[in-house]
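Please treat every number below as a calculation from the coordinates, not as lab data. What you see is a predicted model, and the numbers here were worked out from it, not measured in a lab. When we count neighbours, we look across all protein chains shown, and the Cβ atoms used for this are built from the backbone with ideal geometry, even at glycine.
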């Protein structure tokens with residue numbers, strides 16, 4: 001088996017297929033979820049494929065589909081963390097984030113499984129109680145930087161009580177709860193800033 005065959009393969013869709021039709025017009029920034037939006041139908045598209053991550057990171061004609069979950073509590077605070085140099089995406093090192101998520105790969109059977117896997121990998125919620133089910137909040141498309149150009153975010157919110165604990169993932173540090181206003185005073189990754197500004 002060659003080294004390339006062992007490489008992570010991530011879920012992508014051609015940009016032209018993602019942005020088409022009256023309810024799927026291309027936008028920049030954050031788009032609030034609405035029942036009339038067709039973007040969730042992207043997951044039923046026949047144009048979805050799994051491609052080597054190292055290749056599609058340099059191909060803006062494809063968008064990598066990323067679930068991006070933010071956690072809130074009963075106080076109206078949002079959970080966040082700082083990205084360390086142990087993370088795979090060097091362009092995000094040292095930035096603060098309120099988003100938990102990542103690529104869907106060919107080991108995930110569906111989007112729900114990908115979300116559960118990402119949550120389990122990044123935070124330990126075993127001591128927390130879910131106060132609401134996962135809710136779709138919007139979508140992110142941001143071509144203003146290299147990271148955003150090749151990714152498309154599907155934003156979810158999960159309300160919990162309790163404090164998430166760290167996992168073995170060394171890419172996350174400084175986990176804490178803050179109000180949206182407090183988060184916006186820090187150096188945030190672009191997607192987190194977009195979410196916080198559109199709550």
* Asked: What per residue convex hull volume, in Å³, comes out for the chain when only alpha-carbon positions are used?
  -> 127
* Using 0.36 nm per residue, how much length does the chain from residue 197 to residue 110 gain when fully extended, once their Cα-Cα distance is taken away? -> 28.4 nm
* To do: Let me see the pair-distance distribution of region 138-193: every alpha carbon pair, 5 Å bin width, integer percents in order.
  => 4, 13, 18, 21, 27, 14, 3, 0
* To do: Apply the Kirkwood formula to region 102-157: the hydrodynamic radius equals the inverse of the mean of 1/r over all pairs of different alpha-carbon atoms; give it in Å with one decimal.
  => 13.1
* Residues residue 54 and residue 129, FRET efficiency given R0 of 30 Å [Cβ-Cβ distance, rounded to 0.05] -> 0.15
* Structure fact -> The alpha-carbon center of region 1-73 and that of region 104-143 are separated, in whole Å, by 15
* Given Cα pairs under 8 Å that are at least 6 residues apart, what percent is the relative contact order of the chain? -> 28
* Structure fact -> Percent of all alpha-carbon pairs of region 11-128 at distances over 23 Å, whole number, is 40
* Using 0.36 nm per residue, how much length does the chain from residue 159 to residue 27 gain when fully extended, once their Cα-Cα distance is taken away? -> 44.8 nm
* To do: Give, in nm to one decimal, the length gained when the segment between residue 40 and residue 84 is fully stretched (0.36 nm per residue of separation minus the Cα-Cα distance).
  => 12.7 nm
